[in-house]
Structure formats: C-alpha cells, structure tokens
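What follows is a set of notes on a single structure, which appears directly below.
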Amino acid sequence: MPAAVVEYKGWKEGYRCGYCSSERGKVSAGMWAHSMTVQDYQDLIDRGWRRSGKYVYKPIMNQTCCPQYTIRCQALHFQTSKSHKKVLKKMLKFISKGDVSKAGGGEEPMDAHIEEVVACDFPYQGEAHAAPSELNPLSQWITHSMDHTEKVENEDEDPGGTKEAVNVPEVGSSSPQISAAEGTAVPGGASHSAKAGHAPPKPGQGADLSKPPCRKAKDIRKERKLQKLLQNQMCKAEGSQLQAGDQLSLLQNSKSKANQPKSIEEFIFASLPEDAQHKLEVRLVPVSFEDPQFKSSFNQSATLFAKYQMAVHKDTPSECGENEFTRFLCDSPLEAESAPDGPECGYGSFHQQYWLDGKIIAVGVIDILPYCVSSVYLYYDPDYSFLSLGVYSALREIAFTRQLHEKAPELCFYYMGFYIHSCPKMRYKGQYRPSDLLCPETYIWTPIEQCLPLLERSKYCRFNQDAKAVDAGGLQELGRVRVLHKRTVMPYSVYKRRRKGPSDEASVRQYASLVGQACSERMLLFRS
C-alpha cells in the first residue's frame with residue numbers, strides 16, 4: 001500500500017472568515033495531500049483536521065476568530081428528535097401523496113451539514129510544488145523508495161555510513177424512506193355535543209366540563225390500532241370471546257410496545273403504498289471516473305452543484321463550473337481500500353446520490369473511514385428545499401453508518417464536520433444527540449452537554465477538565481518524522497544532515513506537532 005504524501009504549507013492567518021465576516025480574523029494551518037490512506041485521515045480528523053478536495057486544513061483554535069470544534073454523533077445510540085421526525089414524515093407525505101406543503105419548513109436549517117466554504121480556505125488551488133515526475137504515479141517509485149529506507153535509517157544510527165474501482169450496490173434502492181402510517185394525519189375523535197340548554201362557561205372560568213377533554217391524534221391512532229388487534233385476536237379464536245384477563249394482558253402488551261420510541265430505521269426504511277406518487281432512490285457511488293455510475297451521472301451532478309451554489313451561496317457561474325466542482329467535491333486524496341472485516345463498499349470517498357423520479361435532487365459527499373462516516377458536503381436542488389433535504393440527508397447518513405457497523409464493528413460514528421458555537425446558524429449540529437466535541441488541547445472526546453456551559457462563557461475552551469492531561473499522541477521525537485526527499489524516504493534526522501541551505505526545523509516541528517507522532521511517522525512529508 002503506498003504511503004501518504006503531503007506538502008505542508010504552514011499557517012495562513014489574517015484572512016476573511018465566512019462565519020463572522022471578520023476580514024482578518026481567521027487562522028489555520030494547511031497541507032496539500034497528494035495521496036492519503038483512510039487510516040491517516042481518520043487519525044487527522046481525530047486531531048481537528050478536515051479536508052476540502054485535496055487540501056487538508058486545521059483551524060488554529062486559540063487564535064482564530066471562530067473556533068471550529070470537530071463534532072461526532074454516536075450513531076449507534078442516536079435517537080430522533082421531534083423536529084427530525086417532522087422532516088421524515090414530511091418526506092413521506094411528499095413521496096406517498098405528492099404533498100408539497102411547506103408548513104413548518106422554515107423551522108429547519110436550510111443546510112443541515114454543510115461547512116461554510118469560502119475562497120480563502122483554498123489558498124493552494126494551483127499546481128502543487130512537487131514535480132509530477134516525483135509524485136505521479138506513486139506506485140512506480142514508493143515501493144522502491146521504501147526498499148532503501150532501512151539503509152537510510154541505519155545511516156541515522158551510524159553517521160559515517162553512506163486503485164481499483166469498487167462497484168457499490170444501491171442502498172435503499174427503490175425503497176422509499178418512511179412509514180406511510182406514521183405520516184398520515186388522523187382526524188380528531190368525534191366530540192359529544194353539549195347538553196341542550198347548557199350555557200358555555202364565561203371567559204376566565206375554565207373549560208366546559210360537560211365536554212370531553214381534547215385528545216391527541218396519536219392517542220386516537222393507538223386506540224384504533226388496539227381495537228383492530230383485539231378484533232383480529234377474536235376472529236382467530238373462531239368467534240369465542242377472549243377472557244377479561246386475556247384482554248387486559250393484550251392491552252398492556254400493546255401499550256408497552258406502542259410506548260417504545262421508533263428507531264431511525266423504522267422511519268427511513270419502511271415501505272410505501274403501491275400507489276405512491278413519487279419514487280425516491282439512494283445510490284452510493286465511488287468518487288472515481290473509472291466507475292460507470294459516477295461517470296454517467298457526472299454532468300447532471302455538476303449542473304446541480306452549480307444551481308445550488310448560485311441559489312444558496314450566491315456564487316457566480318465562473319465560481320461553480322465543472323473544474324471547481326471537480327477540484328472541490330470529486331478530487332480526493334483518499335486511496336480506496338477494502339478489508340475482510342470492512343464494509344462491502346470499501347473505504348474511501350463516495351457520493352450518495354438522491355434520485356427522485358429518475359433525476360438527482362441531492363448529493364451527499366461522504367468519506368467512509370475505519371471508525372466513521374464523515375460528512376464532507378451536501379448540495380441539492382433549491383426547488384426541493386421545502387423537504388429540508390439537509391436534515392433528511394443527515395438522518396440518512398446516520399442510518400447508513402449504523403448499517404455499515406453491522407459488517408464493520410469499529411465503524412460506529414458519524415462525523416458532522418465542525419461545530420461553531422460562536423456562530424448561531426451552525427449550532428444545529430448539536431441537535432443530533434448523543435454527540436461529542438473534540439478537546440482542542442488533549443484531543444479527547446467530551447459529551448456536548450458538558451461543553452456547552454463552557455462555550456457560553458468563552459468561545460475557545462479546553463474541554464478536558466483534568467489540568468494534568470496532555471496530548472497523548474503529540475510529537476515525541478522529531479528525528480523520526482518521515483521525509484520524502486529526492487525520491488528517497490528517510491527520517492528527518494538524516495534529511496537534516498543532508499539538507500543544504502537554511503534550516504527548516506521550525507516548519508517540520510510545527511507540522512509534526514499538528515499531525516501527531518503516529519501520522520508523522522507514517523505519512524511522507526515532501527521536501528524539495
């Protein structure tokens with residue numbers, strides 16, 4: 001397996017922030033990733049890094065104007081909230097009945113898991129500094145370089161010494177998302193008329209006691225379901241009536257079952273009526289021009305991206321053309337991998353396409369990593385914004401994470417990017433519970449409920465309350481950092497002696513401190 005190859009670009013500070021509109025408040029470190037293993041990227045995002053295309057960046061948390069905390073949802077324990085259920089039921093009504101009611105649509109965030117991306121986040125959009133002959137294709141020389149590594153490392157001890165595309169099955173193909181029964185409105189029960197001649201109560205004197213109390217449609221549905229169940233049981237008993245004790249037991253069992261909260265799968269993967277007005281299908285497609293599905297849908301997907309960017313983010317046509325789409329959402333440094341104990345689709349970068357009646361209405365860009373599904377970006381057709389596709393796609397991706405966990409036991413988290421408490425419009429990510437935030441100093445995960453009171457007092461916080469705790473994965477030995485120099489892999493201690501010109505130790509130390517000791521020893525830091 002080829003090693004990751006990165007070019008560290010250093011800090012970029014004093015540029016515009018897309019969250020608070022500060023003109024010179026943003027500070028981040030960045031590197032260009034020519035290639036990267038999924039384990040490397042997993043370890044990097046667990047240290048606060050995140051990718052946009054092949055550019056991988058990390059906010060400098062104690063200096064940037066809007067600290068961005070990595071957030072993950074514990075997908076296996078996820079519970080749908082009331083607002084999440086509303087979105088799922090809204091989709092059901094649209095699919096099954098063609099209901100396009102926009103009631104309550106404004107309550108949901110327009111972009112449920114999209115990072116605010118601005119041009120200054122991509123300061124290195126041009127060609128990488130490394131020559132193509134040195135970096136492409138990696139497979140032609142990485143292995144050869146590795147063969148010389150042992151010799152070079154011995155020199156450190158003795159100073160005197162001289163992808164194959166993955167065809168992915170459709171996920172939830174032609175299987176609409178939500179239970180029809182849960183989305184159907186049920187009228188309230190018939191109310192008894194007031195007694196003749198009874199005067200209604202005067203204002204302020206309370207309710208009319210001669211009338212029954214108002215009842216929720218949910219309770220009425222449960223009662224009707226129970227009555228139907230009782231009738232079926234009576235029919236099976238060939239007309240013999242159930243004993244009173246049996247009826248009571250059945251009633252109690254029915255109530256206990258009805259009171260259990262529905263899982264997200266019961267909402268998403270339930271069947272629809274045969275006469276459904278629309279057909280929704282989700283396809284998981286590897287991000288590879290060698291994949292037939294990705295290649296055949298590229299133009300439609302790129303057109304949708306441009307439509308979304310211009311309508312929602314007010315981009316000009318030149319800012320969201322095919323080249324920009326490819327660089328931002330199709331180019332990925334992640335090398336596709338498969339493992340016997342991994343998901344059937346493999347690891348790497350994917351587009352999760354939402355097809356409605358034969359056309360793409362939304363695309364969720366995701367990375368499938370050893371321990372998580374990481375949401376990269378979402379774009380959708382603004383004509384369908386009434387469906388709250390941001391929220392809906394996030395719920396689908398959580399359910400997808402749980403599905404992958406069945407085959408890959410270690411894969412159990414859903415990463416939503418960054419949580420930005422200082423930006424109110426980005427706080428919605430905290431509504432996906434239970435979730436954790438990453439401590440920016442010790443890189444340990446802390447339940448968000450413990451973090452929120454701290455963030456109310458200060459926008460930058462150390463979540464780990466143990467004052468003695470340190471970054472366990474931090475830089476320990478600079479000399480062991482792996483360097484790629486003149487097509488040869490060597491430890492930094494050897495490269496440092498060979499290097500001519502001014503010292504670059506400060507830059508290499510900064511890089512290794514940010515990526516951590518483990519990644520610095522696995523990834524190859526390109527030095528010209």
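The values are calculated or read from the model by the stated rules, or taken from the named source; none is laboratory data. Given the structure is predicted, the values throughout are model-derived calculations rather than measurements. Heads up, the Cβs are rebuilt from the backbone with ideal geometry, glycines too, and the neighbour counts pull from every protein chain shown. Surface areas here come from the heavy atoms of the whole protein model, side chains and all, with no ligands, DNA or RNA. Shrake-Rupley method; radii C 1.70, N 1.55, O 1.52, S 1.80 Å.
Residues that are closer than 16 Å to Lys429 by Cβ and either in a helix (DSSP H, G or I) or aromatic (Phe, Trp, Tyr) (or both) do occur in region 74-82.
Of all the residues in region 474-520, those that are in a helix (DSSP H, G or I) and crowded, with 17+ Cβ neighbours inside 10 Å number 14. Select from region 83-97 the residues that are over 19 Å from Tyr428 (Cα atoms) and not basic (Lys, Arg) and write down the one among them that is farthest from the chain's Cα centre (by Cα). By that ranking, first place goes to Ser96. Taken together, the residues in region 1-26 that are closer than 21 Å to Ile420 by Cα, open to solvent by 10 Å² or more (accessible area, probe 1.4 Å) and hydrophobic (A, V, I, L, M, F, W, C) amount to 2. Taken together, the criteria exclude Tyr392 from residues that are closer than 21 Å to Tyr57 by Cα and among the aromatic types (Phe, Trp, Tyr).
Filtering region 299-342 to residues that are in a helix (DSSP H, G or I), buried (at least 18 other Cβ atoms within 10 Å of the Cβ) and among the polar types (S, T, N, Q) leaves Ser301, Gln309.
Each residue in region 75-89 was checked for being open to solvent by 10 Å² or more (accessible area, probe 1.4 Å) and under 20 Å from Cys412 (Cα atoms), and 6 of them qualify.
Checked against the criterion of being under 19 Å from the mean Cα position of the chain (by Cα), within 24 Å of Asp383 (Cα to Cα), open to solvent by 10 Å² or more (accessible area, probe 1.4 Å) and not polar (S, T, N, Q), region 280-298 has at least one qualifying residue.
One line per residue, one yes/no per condition, for (1) among the hydrophobic types (A, V, I, L, M, F, W, C); (2) surrounded by fewer than 14 Cβ atoms within 10 Å (Cβ to Cβ); (3) at pLDDT 85 or above; (4) in a loop (DSSP other than H, G, I, E, B):
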{"residue": "Leu230", "(1), (2), (3), (4)": "yes, no, no, no"}
{"residue": "Met234", "(1), (2), (3), (4)": "yes, no, no, no"}
{"residue": "Ser240", "(1), (2), (3), (4)": "no, yes, no, yes"}
{"residue": "Ser249", "(1), (2), (3), (4)": "no, yes, no, no"}
{"residue": "Ser271", "(1), (2), (3), (4)": "no, yes, no, yes"}
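Among residues of region 1-27 that are farther than 14 Å from Gln63 by Cα, those with a Cβ under 6 angstrom from a residue that is open to solvent by less than 60 Å² (accessible area, probe 1.4 Å) and acidic (Asp, Glu), sequence gap 6+ or separate chain, pair up as Ala4/Asp40; Gly18/Glu116; Tyr19/Glu116.
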